[in-house]
Amino acid sequence: MESSSQNATLAATYVNNTGSHIFLTGKAGTGKTTFLKDIVSRTHKRSIVAAPTGVAAINAGGVTLHSLFQLPFGAFIPEDPGGLFGRREAEQAVNTPVSLKKQQKMGSNKRRLIRELELLIIDEVSMLRADVMDAIDLVLRNIRGKRKTPFGGVQLLMIGDLLQLPPVVKDQEWSYLSNYYRNLFFFNAHAFHHQKPVYIELEKIYRQQDQDFINLLGHLRENRLDKNDMELLRQRTTEHPDEEQAHKAVYLTTHNHQANTINEERLHTLPGKAFHYKASIEGDFPQYYFPLDEPLVLKKNAQVMFIKNDHTGQQRYYNGKIGMVKKISAHKVTVSFDDGTEDVVVEHYTWERKRFTMDPESGDVKEQVLGQFEQYPLRLAWAITIHKSQGLTFEKAIIDISRAFAPGQAYVALSRLRTLQGLTLKGSLPSHGLTPDKCLMDFAKNKQETHTLTKNLKTQSLQYIKEYLAVAFDFGELSYLLHQYSRLPGKNKKESHPEQKPWAVETEMMLKDPIQVARKFRVQMEHLFNSPDPVDKIQERTMAAKDYFDPILRSFSQRIHSHMGAIKGELQTGKPLRELERLEGAFFIQRQKIYKALQLIEYYKNGRELTGLEVEKQTKHLREERLKERPAAGSPSQPKAKPGQSAQTSYELYREGKTPEQIATSRGLALSTIEGHLAQHVAKGDLNALEFVEKRKHDQIIKAHKALKTTKLSEIMAVLGSEFTYSDIRFTLAGYFSSKDPKTGVSPAS
């Protein structure tokens with residue numbers, strides 16, 4: 001890894017080899033952003049990156065937590081208080097578990113995405129409130145059907161520095177939330193009451209090299225400045241910065257209006273024409289996601305700052321580099337630098353607003369671009385707020401923190417600088433507002449030494465394998481999806497096929513035995529994990545289970561494809577086919593999980609870390625195998641069957657010597673449908689009912705029909721024994737009312 005400290009490597013191993021929730025922190029410049037990008041590219045887990053705010057989400061390459069989980073804005077209290085709230089409270093947008101569940105309107109694809117999610121990465125977690133964290137916990141438990149498991153079994157990787165900017169809460173909201181929370185830092189969420197996240201801190205600092213400055217920042221972060229620190233700051237303090245100090249320096253302020261005023265005044269004093277550059281905005285990209293002001297107004301000689309790294313890889317500039325507009329026109333901006341590097345003709349940069357979806361066939365998490373914002377990656381840089389400076393690096397800055405209003409603001413501001421020599425402190429440090437909350441210091445006590453984390457890793461890795469095996473051999477989701485398919489299409493009959501329900505019900509019944517066997521396997525695994533040195537036995541039993549279940553799951557995929565072929569030419573809409581593709585994809589995903597479980601065990605035995613690359617190699621092999629087994633893409637649809645044609649096909653196959661079960665499998669239809677087809681031909685006199693029903697049963701059914709004077713199958717079945725089936729009754733009555741008697745060939749009416 002680029003952020004190659006020992007704890008960074010350890011944190012990556014905890015993400016990939018365990019299911020533990022992780023809080024990854026570190027001082028400014030320790031490589032938290034680099035770690036995030038690296039883990040996204042390397043993990044074998046289905047993951048999503050999210051953040052508390054729109055701008056943070058755009059910068060992290062993710063989505064907002066509110067959009068991902070469809071959370072309403074306002075306070076969330078973790079209990080339903082009954083009649084405690086009146087109309088006035090309801091108007092303040094106070095959400096409860098009941099109201100949150102009612103507001104969940106997720107589509108099936110989004111629900112599948114969340115049910116298959118393994119790793120949720122939350123960037124800038126210091127800004128995330130505890131009540132929002134509890135709302136996320138509730139949504140995950142509810143959608144994933146794991147009501148007693150925190151976050152529904154999803155692993156959380158939370159990245160941020162709690163000694164920077166805290167979560168924001170309005171006084172009105174706190175009047176409700178204070179009854180449930182000591183404070184609103186994320187770790188006080190009720191979901192963490194029984195188990196705090198693993199606390200890992202990145203310690204190697206990459207931004208600063210001067211040890212005196214590093215020590216000063218560390219002391220400032222923890223509010224324990226000593227005499228030496230104060231003397232260093234005094235030497236850098238002035239009420240009126242001179243021209244040399246101000247040259248190419250960024251003025252860091254605590255409030256937006258201060259920064260805007262400075263930038264507007266300095267721009268206005270420059271001679272020459274002002275150019276207004278409008279961003280090119282496509283798709284869904286709301287204003288609160290804008291990464292910079294719109295429009296961008298520049299003049300020649302304006303001091304500007306790049307807000308992205310050079311995307312060409314030539315490293316001509318970086319996020320936070322200061323320059324001056326040297327040349328400017330309606331369609332071209334050239335920026336020069338004082339450090340001797342070449343002038344840059346600035347190119348547009350495109351920010352993307354994304355959402356995550358799941359490929360229904362492969363189970364891969366895919367990024368879908370909802371909107372784009374294209375603009376020069378520049379902003380006026382005579383002044384910038386401390387909040388917007390997070391993540392940036394400056395050579396020179398004038399900092400006014402006399403009005404700092406939140407713990408951590410002074411630390412954030414000073415830690416943007418590479419050297420102490422680049423600092424000019426305007427005014428003195430505030431006498432209040434610098435002390436971090438005591439609860440942060442208490443939470444920091446959860447941080448464990450590296451040797452302790454390493455020692456615990458083996459146990460937690462084995463626990464993760466145990467939990468993953470339970471997921472890989474749990475086929476309940478497949479049964480649920482079959483049940484959902486049987487209920488299609490709801491009210492619109494044009495979106496259905498008469499075969500859907502009987503086929504789905506029959507397929508669900510066929511899945512019952514594998515579900516029972518898998519349940520017994522999971523119980524066996526539970527015992528094995530409790531035995532001494534269990535890994536070899538676990539690997540052996542898992543391999544045997546794979547050999548048993550893999551062909552079964554493949555046969556279900558083949559059955560689905562046969563069913564798709566059978567109904568394809570008779571549909572007026574593609575919705576059932578799309579649902580069947582998703583269903584087949586779910587069976588394939590289950591196979592992937594089983595193979596991945598074996599990889600996890602193998603890598604654990606060899607003391608190695610499984611990565612996404614190794615899992616992708618295995619998955620690629622399975623995909624190639626799957627493509628060979630499925631019908632060729634683009635094969636012509638079956639023509640729409642004429643009335644009676646499907647029954648005729650079944651009849652002809654029966655005459656060729658195939659059993660009803662074989663016909664059902666080959667045609668992708670339910671057995672009950674095939675029996676219905678053959679019963680039609682019994683009624684026509686083409687087949688004898690006694691080919692399908694024993695003589696003894698046949699006669700008893702006729703007697704029951706005559707006694708009850710009914711042809712309703714359910715009423716006749718009610719007086720017969722459990723040895724009879726509806727098919728027995730259907731064939732018998734079809735023969736009885738046929739044009740030819742099964743014994744004499746004479747019609748009953750004659």
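What residue, among those in segment 505-528 that are over 29 Å from the mean Cα position of the chain (by Cα) and of a type in the set (Asp, Glu), is surrounded by the fewest Cβ atoms within 10 Å (Cβ to Cβ)? That would be 513.
Just so you know, in segment 697-737 the residues that are polar (S, T, N, Q) and part of a helix (DSSP H, G or I) include one that is surrounded by the most Cβ atoms within 10 Å (Cβ to Cβ), and it is 732.
Filter segment 403-438 down to residues that are of a type in the set (D, E, K, R), open to solvent by 70 Å² or more (accessible area, probe 1.4 Å) and at pLDDT 75 or above, then give me how many there are.
Residues of segment 403-438 that are of a type in the set (D, E, K, R), as a first pass: 403, 416, 418, 426, 437-438.
Checking the rest, the ones that are also open to solvent by 70 Å² or more (accessible area, probe 1.4 Å) come to 403, 418, 438.
Checking which are at pLDDT 75 or above leaves us with 418.
Count: 1.
Listed conditions (1) surrounded by 15 or more Cβ atoms within 10 Å (Cβ to Cβ); (2) at pLDDT below 90 are all met by residue 631, apart from (1). When segment 529-562 is filtered for residues that are of a type in the set (Val, Ile, Thr), surrounded by 16 or more Cβ atoms within 10 Å (Cβ to Cβ) and either touching a residue at least 60 places away in the same chain (Cβ under 8 Å) or closer than 17 Å to residue 503 by Cα (or both), the ones remaining, listed by number, are 538, 542, 560. Of all residues in segment 457-485, those being free of Cβ contacts under 8 Å to residues at least 40 places away in the same chain and within 18 Å of residue 535 (Cβ to Cβ) number 2.
Counting only strands (runs of 3 or more DSSP E) that sit completely within segment 322-398, those holding 2 or more residues that are open to solvent by 40 Å² or more (accessible area, probe 1.4 Å) and touching a residue at least 12 places away in the same chain (Cβ under 8 Å) correspond to 322-329, 349-358, 365-375.
For segment 563-582, the tally of residues that are out of contact with any Leu (no Cβ under 8 Å at 6 or more places or on another chain) and surrounded by fewer than 20 Cβ atoms within 10 Å (Cβ to Cβ) stands at 8.
Tell me, which residue of segment 131-190 that is among the aromatic types (Phe, Trp, Tyr) and either over 30 Å from residue 414 (Cα atoms) or open to solvent by 50 Å² or more (accessible area, probe 1.4 Å) (or both) is modelled with the highest pLDDT? Applying the filter and picking the extreme gives 151. Which ones in segment 439-479 are surrounded by 13 or more Cβ atoms within 10 Å (Cβ to Cβ), more than 24 Å from residue 607 (Cβ to Cβ) and in contact with a Phe, Trp or Tyr (Cβ under 9 Å, 6 or more places away or on another chain)? Matches in segment 439-479: 439, 440, 443, 444, 447, 473, 475, 478. Within segment 169-197, residues that are in contact (Cβ under 8 Å) with a residue 60 or more places away in the chain sit with their Cβ atoms under 6 Å from residues that are assigned to a helix (DSSP H, G or I) and acidic (Asp, Glu), at 6+ positions apart or across chains, in these pairs: 177/131; 190/134. Within segment 280-307, if we keep just the residues that are within 28 Å of residue 265 (Cβ to Cβ) and surrounded by fewer than 18 Cβ atoms within 10 Å (Cβ to Cβ), the residue that is farthest from the chain's Cα centre (by Cα) turns out to be 301.
Looking only at residues of segment 649-667 that are surrounded by fewer than 21 Cβ atoms within 10 Å (Cβ to Cβ) and among the small types (Gly, Ala, Ser), we find that the one that is modelled with the lowest pLDDT is 666.
The values are calculated or read from the model by the stated rules, or taken from the named source; none is laboratory data. Since the model is a prediction, treat every value here as computed from it, not as a measurement. As a convention, Cβ positions derive from the backbone with ideal geometry for all residues, glycine included, and neighbour counts pool all protein chains shown. Each accessible area value is taken on the protein alone, full model and side chains, heavy atoms only, with ligands, DNA and RNA left out. Shrake-Rupley method; radii C 1.70, N 1.55, O 1.52, S 1.80 Å.
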